[in-house]
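One structure is given here, and the rest of the page talks about it.
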């Protein structure tokens, strides 16, 4: 794989095959538009990258001449942001969610995947408000499907999860959530925060699960 080069104003961005970056910036003061800011973002081949320039590198070196065409190099921490949705819901429902609620189901940041809270809805976004265990089952399935949609195994790659349960159902939900985890990933124990809430976004929703997962580079 060859290096990729992107030019943005006075800065040349060079992306290497291992996803590391080196930047070249002109010495002339009028081109040092990043001098007073450390956090930046750029879009490259459809993917947004956020990067941070250390303060020590956020100014030209002392040997830079304002009248010359010299350049200097520096490095910065980069991470890509890739947003995705639940392919299992189908394009029409995803378009509805995106338009009406203005959010994505998952974001990949480097080797981490974070997903929006998954409720106990079916493929048509319908809830059965009388079936707590059924909602928990569906929430677990929805987490699996979103993670698998971005190339992960599912719950096996989760390192952190948070459960949100409507407070009137907390006592009944907690042991079943534990049972689900034991049966779904018996040899895996991610960190867990269990929260009781007055209500969730949908009136029929009884439970919602939010996770973070590890996505190692292949």
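Fewest neighbouring Cβ atoms within 10 Å first, the residues 147, 97, 177 line up as 97, 177, 147. Let me make sure I get this right: for region 84-201, a, b and c are the square roots of the gyration tensor eigenvalues over alpha carbons, sorted descending. Under 1.5 in a/c it's rounded, otherwise prolate if a/b > b/c, else oblate. Which is it? It comes out oblate by the Cα gyration axes.
As a length-normalised measure over Cα pairs under 8 Å and 6 or more apart, the relative contact order of region 139-218 settles at 45 percent.
Given R0 = 25 Å, the distance between the Cβ atoms of residue 103 and residue 124 translates into a calculated FRET efficiency of 0.85.
Here 102, 169, 188 are placed in order of increasing Cβ neighbour count within 10 Å, fewest first, which gives 102, 188, 169.
For 164, 159, 176, the sequence from fewest to most other C-beta atoms within 10 Å is 159, 176, 164.
Each value in this text was obtained by applying a stated rule to the coordinates, not by laboratory testing. Just so it is clear, the structure is predicted and the values come from calculations on it, not from any experiment. When we count neighbours, we look across all protein chains shown, and the Cβ atoms used for this are built from the backbone with ideal geometry, even at glycine.
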